[in-house]
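Student: Attaching a single structure in C-alpha cells format; questions to follow.
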Amino acid sequence: MTRSTHAALTDERNADVEIYINGEFFRREDAKISVFDSGFLVGDGIWEGIRLHHGQFAFLDRHLDRLFGAARTVDIDIGTRDDIERALRATVDRNGMTDQVHVRLMITRGDKKTPSQHPSNSTGMGPNVVIIAEHKRADPTVTDEGITLFTATIRRPPPDTLDQRLNCHSKLHEVIALIQANRAGADEALMLDPTGAVATCNATNFFVVRRGELWTSTGHYNLHGITRAVVLEVARSAGIPTHEAPFSLVDVYESEEAFVTGTFGGLTPVREIDGRTIGDGAVPGPMTVRLTELYRSAIEADVARRAEAAR
C-alpha cells in the first residue's frame, strides 16, 4: 500500500487468521461469498471498522449504535446487539487476538435469486455477516511524516441522494476521489460538499486548527466518525474551542495545522494540501499532539470500563 492513513506494518500472523462467515470460520483462502450476494451485486450492505485494545473492543457501544441505526435505515434485520457482540468476540477469540487488532464487520442484505437491486429478490435466508479480524498496527512513519491531500472534483452527495452518515458499501465516489488525488501526486483526497464547503476526506474525517481553535465540517455530508466524535468531546472537555461549521479551502490554506481522524489511524497529521504547506510544515503540530494524547486517554478509559463491566 502507498502512504495512507490505512498503511499497516506487515504481520505474518495474518496469513493464518480465520474469517467469520454466517457463524462459521474459514481460512483466508477459503473465505468466500456468493456472486449473488447483494453487496457484490449492488453495494447493498453496511459495515463497521473496530479496534481491539487490551482485549476489549474500543468504543463498541458507539459502533453498534451506528451499525444498528444504519440497519434500520436500510431495512436489514441484523439480529440483536448481543448477537453481533458474540460474533465479534468469537472471531477474535478464535484467532487468539488481544491487542493491535483491526476488525472489519460487514453485513449485506444477503443472496439474491437473480442479479437485481430489488429486495424482494432476496432468497429469504437472511443477511450475510462477515467478520475479518487482522493483526494491524498503523505504520508510525505516516504519523511522524504526515500525509498530503488533494482536493478532488468529486463532491460528497447531499443527504437526499446518498446520506453520507450511512457507513454503507457504496463507496465508488470516494474511490474515484482517491484515484484523482493519487494521480495528482497526493496521498489521499479532500472532498467538498455540494455548496463548495469542505466536507471530509475519502476515508477519514478532516480537521483544521485556526488561531488555536478546532474546526471541522457541519457533518451533514460526511460519515459521523467515532474518532471524530471522541476528538470533539475531549477537545471541549479540555477547554479547546471547537466549531462544526461550513468553511472553505481559503480557511484550510490559512490554517496552522490540519489532521484527519479514523478508527485505524487515530489522528494523522496533514502536512500539505493542494501543493500548499500547512502552517510551518512541522508535523505533528502541538494541537494535534495534545489531542492525540487526549484521544488515547479516552480509549484507555473506555476499554477499562468495558473490562470492569465484564468482570
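The values are calculated or read from the model by the stated rules, or taken from the named source; none is laboratory data. Just so we're clear, the structure is a prediction, and the values are computed from it rather than from any experiment. Because the Cβ atoms are built from the backbone with ideal geometry, glycine has one as well, and the counts that use them run over all protein chains shown.
A quick yes/no check of all residues on (1) surrounded by 21 or more Cβ atoms within 10 Å (Cβ to Cβ); (2) touching a residue at least 40 places away in the same chain (Cβ under 8 Å); (3) in the same structural domain as Thr288 (by TED's automatic domain parsing):
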{"position": "Ser38", "(1), (2), (3)": "yes, yes, no"}
{"position": "Arg86", "(1), (2), (3)": "no, no, no"}
{"position": "Arg104", "(1), (2), (3)": "no, yes, no"}
{"position": "Gly146", "(1), (2), (3)": "yes, yes, yes"}
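Student: From Pro159, Pro241, which residue is farther than 22 Å from Glu48 by Cα and more than 18 Å from the chain's Cα centre (by Cα)?
Tutor: Matching residue, one of Pro159, Pro241: Pro241.
Student: Identify all residues within region 1-38 that are in a loop (DSSP other than H, G, I, E, B) and more than 30 Å from Val270 (Cα to Cα); write none if there are none. Break it down into steps so the answer makes sense when it comes.
Tutor: First, the residues of region 1-38 that are in a loop (DSSP other than H, G, I, E, B): 1-7, 9-11, 17, 22-23, 31-36.
Passing the criteria: Val17, Asn22, Gly23, Ala31, Lys32, Ile33, Ser34, Val35, Phe36.
Student: What is the number of the single condition among (1) modelled with pLDDT under 95; (2) outside the structural domain of Gly69 (by TED's automatic domain parsing) that Pro119 does not meet?
Tutor: The one condition Pro119 does not meet is (2).
Student: Okay, next question. Specify which of the listed residues (Gly79, Gly55, Gly49) is surrounded by 14 or more Cβ atoms within 10 Å (Cβ to Cβ), under 23 Å from Lys171 (Cα atoms) and of a type in the set (Gly, Ala, Ser).
Tutor: Matching residue, one of Gly79, Gly55, Gly49: Gly49.
Student: Conditions: (1) within 23 Å of the chain's Cα centre (by Cα); (2) free of Cβ contacts under 8 Å to residues at least 12 places away in the same chain. Thr263 meets all but one. Number of the miss?
Tutor: Evaluating Thr263 over (1) within 23 Å of the chain's Cα centre (by Cα); (2) free of Cβ contacts under 8 Å to residues at least 12 places away in the same chain leaves (2) as the failure.
Student: Here is a further query. So which residues in region 91-120 are out of contact with any Phe, Trp or Tyr (no Cβ under 7 Å at 6 or more places or on another chain) and part of a helix (DSSP H, G or I)?
Tutor: Listed by number, the residues that qualify are Val92, Asp93, Pro119, Ser120.
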